[in-house]
């Protein structure tokens, strides 16, 4: 084993030792109070910070955020170890075995045809692994995924069993249909919240979003990423407006809507 490999193992062992210390009686009061459930928000938060680091194209930031995410994995493994359920070594062993099992074209003698063949074989292996655990073709998609991402994954799952449009015209027409139904609910005016009419309006709005995701899927557009880019663009333009107003000794709220729109056009 190389010196670097030994050093890496030592680093991981050190991280595990630190977590044990933090959870001990003479450790950190905050760490000792944590549970799988209380740590749940931090797993999500750290995951999104990794995504932000990727988007920033900063290798230093990505390295730091991956470390924060790894800490969450180690933390949960330590909680499980204390409960006699599993250890970090079990986590590592499990993922090692899964990688080998799901790549028989690399570690075995299975022959696949390109990326599509890899993905098809991957799904077949997963199906065998899960057995009767999954009763529906739509099972296996985390319910806490962002809505647009979950919608796209559900649509892809349904498409694999043949429940799909034949071409782009289908989902495009569906968007128009759903928007017409949304407008129909609004014909009587904007309904009051927490009423049946409001529930219908919300349902129709959701149908529009779901249909738009389907259009994006046909065009190979990741709806979640597309919306994130639009959000980033909105933030950039809005901050330009704030800076432009500040250069005039004003705040945005001091400007008229027409003046703000002029700055918005400049930002574009």
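A few notes on this one:
- Residue check, residue 113 on the phi > 0 side of the Ramachandran plot and either surrounded by fewer than 13 Cβ atoms within 10 Å (Cβ to Cβ) or touching a helix residue (DSSP H, G or I) at 6+ places or on another chain (Cβ under 7 Å) (or both): no
- Residue match in segment 50-62 (condition: outside any helix (DSSP H, G or I), without any contact (Cβ under 8 Å) to a residue 12 or more places away in the chain and closer than 30 Å to residue 225 by Cβ): yes
Quick grid of which residues meet (1) farther than 19 Å from residue 151 by Cα; (2) at pLDDT below 95; (3) assigned by TED's automatic domain parsing to the domain that holds residue 171:
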site	(1), (2), (3)
190	yes, yes, yes
197	yes, yes, yes
210	no, no, yes
238	yes, no, no
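- Of all residues making up segment 18-27, the number that are over 14 Å from residue 73 (Cα atoms) and in a helix (DSSP H, G or I): 3
- Total residues in segment 206-237, condition surrounded by fewer than 15 Cβ atoms within 10 Å (Cβ to Cβ) and over 22 Å from the mean Cα position of the chain (by Cα): 1
- Of all the numbered requirements in (1) modelled with pLDDT under 95; (2) surrounded by 14 or more Cβ atoms within 10 Å (Cβ to Cβ), residue 9 misses one, and that requirement is (2).
- A count restricted to segment 28-43 and to residues that are more than 23 Å from the chain's Cα centre (by Cα) and part of a helix (DSSP H, G or I) stands at 5.
- Inspection of segment 72-94 finds a residue satisfying the criterion of being without any contact (Cβ under 8 Å) to a residue 40 or more places away in the chain, within 25 Å of the chain's Cα centre (by Cα) and surrounded by fewer than 12 Cβ atoms within 10 Å (Cβ to Cβ).
- Cβ-Cβ contacts under 6 Å between residues 6 or more apart (or on different chains), taken from a first residue in segment 17-32 that is more than 20 Å from residue 87 (Cβ to Cβ) to a second residue that is at pLDDT 95 or above, are listed as 28/22.
- Condition check for residue 174: over 30 Å from residue 13 (Cα atoms) and surrounded by 10 or more Cβ atoms within 10 Å (Cβ to Cβ): yes
The values are calculated or read from the model by the stated rules, or taken from the named source; none is laboratory data. The shown structure was predicted, so the numbers you read here are calculated from the model rather than taken from an experiment. Every residue, glycine among them, receives a Cβ derived from its backbone with ideal geometry; neighbour counts consider all protein chains shown.
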